[in-house]
1. Taking a quarter of the surface of the Cα convex hull of region B:1-111, what do you get in nm²?
2. Please state the equivalent ellipsoid semi-axes for region B:58-130: what are the square roots of 5 times the Cα gyration tensor eigenvalues, largest first, in whole Å?
3. Take B:Asp534, B:Asp283 and order them by how many other Cβ atoms sit within 10 Å, fewest up front.
4. Mind giving me the FRET efficiency for B:Trp199 and B:Glu225? R0 is 41 Å, r the Cβ-Cβ distance, nearest 0.05 is fine.
5. If the reach is capped at under 27 angstrom between alpha carbons, list the lysines near B:Lys577, excluding any in the same chain fewer than eight residues apart.
6. What FRET efficiency, computed as 1/(1 + (r/R0)^6) with R0 = 30 Å and r the Cβ-Cβ distance, is obtained for B:Leu581 and B:Ile396, rounded to the nearest 0.05?
7. Connecting C-alpha atoms closer than 10 Å in a GNM of chain A, tell me which of A:Gly76, A:Gly142, A:Gly110 has the biggest fluctuation.
8. Counting pairs of Cα atoms in region B:347-405, how many percent are more than 17 Å apart?
Amino acid sequence: MKKDVSNILVVGIGGQGVMTATEILAEAALGLGFDAKKTEVAGMAQRGGVVSSHLRFGPKVLSPQIPLGEADLVVGFEAAETLRWAHMLRPGGTVLMNVARLVPPIVELGLFPYPDDPVASLKKLGLTVHAFDANELALELGNLKLGNTVMLGAMADYLPFPADVLLAAILKRFSARKPQMVEMNRQAFERGRAAVAADEALPA
Amino acid sequence: MAAIVPAPAGSRLFLSGNEAVARAVWEGGVRVAAAYPGTPSTEMLEEISVYPDLYAEWSVNEKVSLEVAFGASMAGARSFCAMKHVGMNVASDALMTMTLTGISGGLVIAIADDVGLSSSQNEQDSRYWGRFAHLPLLEPADSQEAYAYTLAAFELSERFQCPVILRLTTRICHVKGRVEVGNRIPHEPGGWHKDPTRWVMVPGHAKNRIPKMFERERLMRAEAETSPLNQLTEGTDRRVGFIASGPAAMHVSEAFPDAPLFKLGLSCPAPLNRLRAFAASVDAVLVVEETEPLLEEELKAAGIEVHGKDVLPTQGELSPDVLRPAVARMNGETLPVAETVAAQTVFPRPPTMCVACPHLGVYYTLSQLRNIVISGDIGCYTLGAGHPWNALDACISMGASMGMALGLDKGRGEADANKRILGVIGDSTFLHMGMQGLLDITYNKGNVTILLLDNRAVGMTGGQENPGSGRDLRGEETRRVDFPKLCEALGVKPERIRVVDPYQLPVLFKTIREEIKIEEPSVIITDKPCVLVDYYQPQKPYAVTDEKCTGCGNCLDVGCPAIHVTRRGKEVKNNGKEVDLAFVRIETAACTGCGLCLQPCAPKAIEEAMPVSPIAFLRTPQ
């Protein structure tokens, strides 16, 4: 298996900012001179459907999709979605996940169950799992939309480049589009990063 | 909407295939670009519309968009047209004759195949259009090629005097990659030149154009034999040589980096001589094609021995994961079993209608009616076929709800004599291809009730403008079609045209009940906008008062994604029947106060949420 290409799979549901987060991550990688490709399966993402965003970067990227069992990192914006995509990880890969649950009508109608404990199920698969409530962290800062920056912060120490590069890419994006949001995003980033560090410190 | 200032030449941008094509359309000096939205092609025109120096439009359907582009070409302007795969089914009537007339200004038609059906009713291989219409077809494999091939397509179009097809797939349109861009080269239209033998395709003229078409194809075949768009990678492992195009070629390079690869960029007409020589240079050949075995069959017909669909699937996207075991099968090898993480079973998460979507009221109402058949159409409202409504019974193609409804009416036997036939169609789909069907219903005295869901947007593809929205592609105001008048002009009696608010469930229910009983064509128009439009006005959210909720679950039948179950229970009714209970809450942050869920709530447990912010509290009149 070629390991000069990094494979990061970011998953969630439409409207959570999965695609934007992956885009920022890609910008950070491109800024370092990597080749990068980003692709989504998001046919009806605006309708609360599943979104899985593949980011691959390295000296040269060919296929845009991450091959089965070759994701280095699965970043889950929603608990059940993280479980859905865990098989994409390479054995021993890492899961960083939001424990918040977004329950669709099909489950509310009683047609399918929501998994009891996605975090426990993932750990049972022998994966390294760091879980935290990104929605809660975002709401503490007063805006649920900061959730995707919290998730980016969570990834910061699991990338093959320094955390500051990712933070700079986030802040650059907001300086251009929403300068009033720069400081909030910096805080959201640090909270996500700290949440993972705190989870790491816990005994497994 | 002001045009953007395009990035300077030499910039290295991170672009999707659609964005890369748009950049090339601008650089190529295109004057007119037209399309009807459709996944995965939609963003091409959206992106083109923000560039300066060109005209871009949403057309009412793909056929019109191609005719607009062709008209511009006749005037000598470079023109561009984009559509999803099924769009060409609609546009092909025009295509099959413009291959005879040829073009004046360069004309490029981008067709985007939804391989894997992420958002389509079928899976089609648009490469066949190149063969069917005897037109050159280019297949880029990433964003940089999407950009470069678009420019190359204009050059080919003008050199061979014919439209050129740019065949894309979802994994080109929606993959972002690096693109180095260049300068815009303006292209002044060559002007309209009257020439009936060229532009008026009556039999006498068309007959004379057919030999020219075949002569052009012969020259194109020679071009393909030498075109730099067709690239050979020698490789070192000569056991299996691959022939592939588009994303499939990328997957081959990824999975078999040492293998010889003949990558087709100008794939129609196929360079058979070069492919024959390639086949002779390797032990075995595998043609790697997504969906159809088009090239495989052409090569076999030419006497070239190849493998293809004997080991590869005829459906869905390819990937290195699919290719590796296929090649192992071909070589009679077994792959070592890789250590993997077991896949977990998780509930399906089909797309839902949005919170407060006006269609929710329509489908809730339809789900309450019995003895009806609902002929459906393409759009967000196709989701009405799903839970909890199960209130859409057929869907095949844009506008088909009309004709299918009439056919269901005329074809019914005794068993269905008492069934009421309904058609459900959205505003944009109605204008795309539904109007003619309604005319057929009135002309032929069908006993059909049509629900025309006018939400003033092309919702499914992201809320684009259309003639029913009153704004054009650039967001500028334009004439808004008057649906009641239009339906009347199509032959529906004025008293059979009813306009209702889809949020008023009792009115909607009563209106539908009345109209389906009357044995003549009627149209019920719902008139509230899509929640995705920028002028949508959210209202105060609602909340469930816990003490009042009886767990009946009626509100869940509305299907709004903002309603969540907090706990479940069981109750034994007086008749001894056990029923399931579901006590609910409303997600305040998501609720926009449309008021639909209140209406079926018998205990009136859903009330305005108390304002949480102290400021909002102060502002609330006491």
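Only the coordinates and a few stated rules stand behind these numbers; no lab work does. The structure displayed is predicted, hence computed values, not measured ones. Ideal geometry is used to build each Cβ from the backbone, glycine not excepted, and the neighbour counts take in all protein chains shown.
1. Details: hull surface 27.3 nm².
Quarter of the Cα hull surface area: 6.8 nm².
2. Values: eigenvalues 107, 29, 20 Å².
For region B:58-130, the semi-axes come out at 23, 12, 10 Å.
3. On the way: B:Asp534 6, B:Asp283 11.
The order, fewest Cβ neighbours first, is B:Asp534, B:Asp283.
4. Numbers: r = 32 Å, r/R0 = 0.77.
Efficiency, rounded to the nearest 0.05: 0.85.
5. Reachable lysines: B:Lys548, B:Lys604.
6. Numbers: r = 39 Å, r/R0 = 1.32.
That gives a FRET efficiency of 0.15.
7. With Cα springs under 10 Å in chain A, the top fluctuation among A:Gly76, A:Gly142, A:Gly110 is at A:Gly110.
8. Numbers: 643 of 1711 pairs.
Pairs farther apart than 17 Å: 38 percent.
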